[in-house]
Amino acid sequence: MQVKIVAGCIACGACESICPAVFTVYDSAEADNAQVPGNEAECREAAKVCPVSVIKIEE
Ligand code: SF4
């Protein structure tokens with residue numbers, strides 16, 4: 001599974017709150033795909049709650 005963040009992040013911090021291992025929010029969110037294994041459920045949850053739907057999950 002790969003996590004991508006497309007353009008439009010508003011840096012709300014929700015993804016980092018849900019899964020700090022994968023998501024770090026600077027001016028916009030970044031995802032560390034090396035940390036995705038073991039955190040798949042949290043990544044899906046982050047994608048679901050992102051208010052602007054810019055977190056994309058690729059299976
Ligand atoms: S939840 Fe979405 S909008 Fe908020 S920081 Fe993460 S990627 Fe950006």
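Can you work out which of the residues in region 25-51 that are within 14 Å of the ligand (Cβ to nearest atom) and of a type in the set (Gly, Ala, Ser) is farthest from the chain's Cα centre (by Cα)? Before the answer, list the steps.
Step one: of region 25-51, the residues within 14 Å of the ligand (Cβ to nearest atom) are 25-32, 42-51.
Within this subset, residues satisfying the condition of being of a type in the set (Gly, Ala, Ser) are 28-29, 31, 46-47.
Details: 28: 11, 29: 7, 31: 6, 46: 6, 47: 6 Å.
Across region 25-51, the extreme among qualifying residues is 28.
Report the residue count in region 5-58 for those that are at positive phi and hydrophobic (A, V, I, L, M, F, W, C).
Residues meeting the conditions: 1.
Looking at region 1-22, which of its residues are without any contact (Cβ under 8 Å) to a residue 24 or more places away in the chain and either under 17 Å from residue 51 (Cβ atoms) or out of contact with any helix residue (DSSP H, G or I) (no Cβ under 7 Å at 6 or more places or on another chain) (or both)?
11, 13, 16, 17, 20
Within region 34-48, count every residue that is under 20 Å from residue 11 (Cβ atoms) and open to solvent by less than 60 Å² (accessible area, probe 1.4 Å). Show your work before the answer.
If we filter region 34-48 for residues that are under 20 Å from residue 11 (Cβ atoms), which is where we start, we get 35, 42-43, 45-48.
The next check asks that each one be open to solvent by less than 60 Å² (accessible area, probe 1.4 Å); those that pass are 43, 46-47.
Going through region 34-48 one residue at a time, the tally reaches 3.
From the residues in region 1-24 that are surrounded by fewer than 17 Cβ atoms within 10 Å (Cβ to Cβ) and among the β-branched types (Val, Ile, Thr), which one is farthest from the chain's Cα centre (by Cα)?
Here the answer is 10.
The values are calculated or read from the model by the stated rules, or taken from the named source; none is laboratory data. Everything numeric in this text was worked out from a predicted model, so none of it was measured. Positions of Cβ are backbone-derived with ideal geometry, glycine not excepted, and every protein chain shown enters the neighbour counts. Ligands, DNA and RNA are excluded from the accessible area calculation, which covers all protein heavy atoms including side chains. Shrake-Rupley method; radii C 1.70, N 1.55, O 1.52, S 1.80 Å.
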